[in-house]
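Structure, as structure tokens:
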Amino acid sequence: MLIVKTVKELKQTAVEVKAKGLKVGMVPTMGALHEGHLSLIKKARQENDVVFVSIFVNPVQFNNPDDLKKYPRTLDEDVAFIGDYADYVFAPSVEEVFPTQPSEQYHYGKVEMVMEGASRPGHFNGVGVIVRRLLDWVQPDKAYFGEKDYQQIAVIRELVRQCNIQSEIVPCPIVRELNGLAMSSRNRLLTPHQFETAAQIHRILEESKSQKDVPEIKAFVESEIAKIPEFKLDYFEIAEDATLQTVHSLAEADGVMGFITVYVGEVRLIDNIRYK
Ligand code: PAF
């Protein structure tokens, strides 16, 4: 595996690979890699001839400067963890990606107005800025994203549609810790006690499946979360899977999911569950 630091080298490498008629898969990440990322990289490896992984903590998608400062950065460890599953790791500096302050503005319509979009103003614009650049530079046949960030995938699909990007967006299932907690780079910021407590998020969501309908599910999840002193609920929404718009009854849509964000101490964790 080769580490690429500059955009020029990245573009040149991608052009050379594609000129040989090879299929290219790309896995954009912010590093602090875990088995969830590795599942994306392995899928990319299975479905393509050449795999690019990007590792870049994208400052423009953080609406909270403290969150950006604390975000784990573990490049050497990440590179060792990826090993030969990828052919190229793009690990640029901030100046390389943003020689000037980016000014692009993306509007994704209704999918960005709820949940993460509502709770983290500017976040999805920042995601669009970096994902558009990465996909432009590499022009992969397929790009892989984890379903823990389910709304992010909806936003990226809309970005790809609007910008006429040819890459196929491949969603990949959530990978969980043994205790049920959704794998996340942010889990590294949890104390061992918080890590165990955080597993209650998935337990509560699983148990909520036995509730009758949306009002009961909402009441159950909100009251169970409130029982745990280390938790502070940011939001719990029940929404149609395709549009991410709130539903008030399970009968309202063919696919219905629950989306939750909880602060465990200072650490903001997200997860989701399918009801139908
Ligand atoms: O999901 C992430 O890790 C990031 O939002 C992404 C897609 C790599 C863009 O920075």
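Here the helices (runs of 4 or more DSSP H) wholly within the stretch 35-120 that include at least 2 residues being within 15 Å of the ligand (Cβ to nearest atom) and under 15 Å from the mean Cα position of the chain (by Cα) are 35-47, 115-119.
Among the residues of the stretch 89-124, what is the count of those that are charged (D, E, K, R) and free of Cβ contacts under 8 Å to residues at least 40 places away in the same chain? Write out each step before concluding.
Taking the stretch 89-124 and keeping what is charged (D, E, K, R), we get 95-96, 104, 110, 112, 116, 120.
Still in the running and free of Cβ contacts under 8 Å to residues at least 40 places away in the same chain: 95, 104.
Count: 2.
Taken over the stretch 134-167, the criterion of being open to solvent by 50 Å² or more (accessible area, probe 1.4 Å), assigned to a helix (DSSP H, G or I) and either free of Cβ contacts under 8 Å to residues at least 40 places away in the same chain or over 18 Å from residue 270 (Cβ atoms) (or both) is satisfied by 136, 157, 161, 162. Evaluating residue 174 against the criteria (1) within 16 Å of the ligand (Cβ to nearest atom); (2) β-branched (Val, Ile, Thr); (3) touching a Leu at 6+ places or on another chain (Cβ under 6 Å) leaves one unmet condition, (3).
Report whether or not residue 252 is touching a residue at least 12 places away in the same chain (Cβ under 8 Å), on the phi < 0 side of the Ramachandran plot, touching a Lys or Arg at 6+ places or on another chain (Cβ under 9 Å) and of a type in the set (Asp, Glu). Before you say what the answer is, go through the steps one by one.
On the way: touching a residue at least 12 places away in the same chain (Cβ under 8 Å): yes; on the phi < 0 side of the Ramachandran plot: yes; touching a Lys or Arg at 6+ places or on another chain (Cβ under 9 Å): no; of a type in the set (Asp, Glu): yes.
Spelling it out, it is not the case that residue 252 is touching a residue at least 12 places away in the same chain (Cβ under 8 Å), on the phi < 0 side of the Ramachandran plot, touching a Lys or Arg at 6+ places or on another chain (Cβ under 9 Å) and of a type in the set (Asp, Glu).
Candidates in the stretch 22-70 are the residues that are over 25 Å from residue 112 (Cβ atoms) and of a type in the set (Asp, Glu); of these, the one that is least open to solvent (accessible area, probe 1.4 Å) is 47.
Taking the stretch 175-190 as the range and being open to solvent by 40 Å² or more (accessible area, probe 1.4 Å) and not in a loop (DSSP other than H, G, I, E, B) as the test, the residues that pass are 176, 188, 189.
The values are calculated or read from the model by the stated rules, or taken from the named source; none is laboratory data. Remember, predicted model here, so these are calculated numbers, not experimental data. Cβ sites come from the backbone with ideal geometry, for glycine too, and all protein chains shown count toward neighbours. Please note that ligands, DNA and RNA were not included when accessible areas were found on the heavy atoms of the full protein model with its side chains. Shrake-Rupley method; radii C 1.70, N 1.55, O 1.52, S 1.80 Å.
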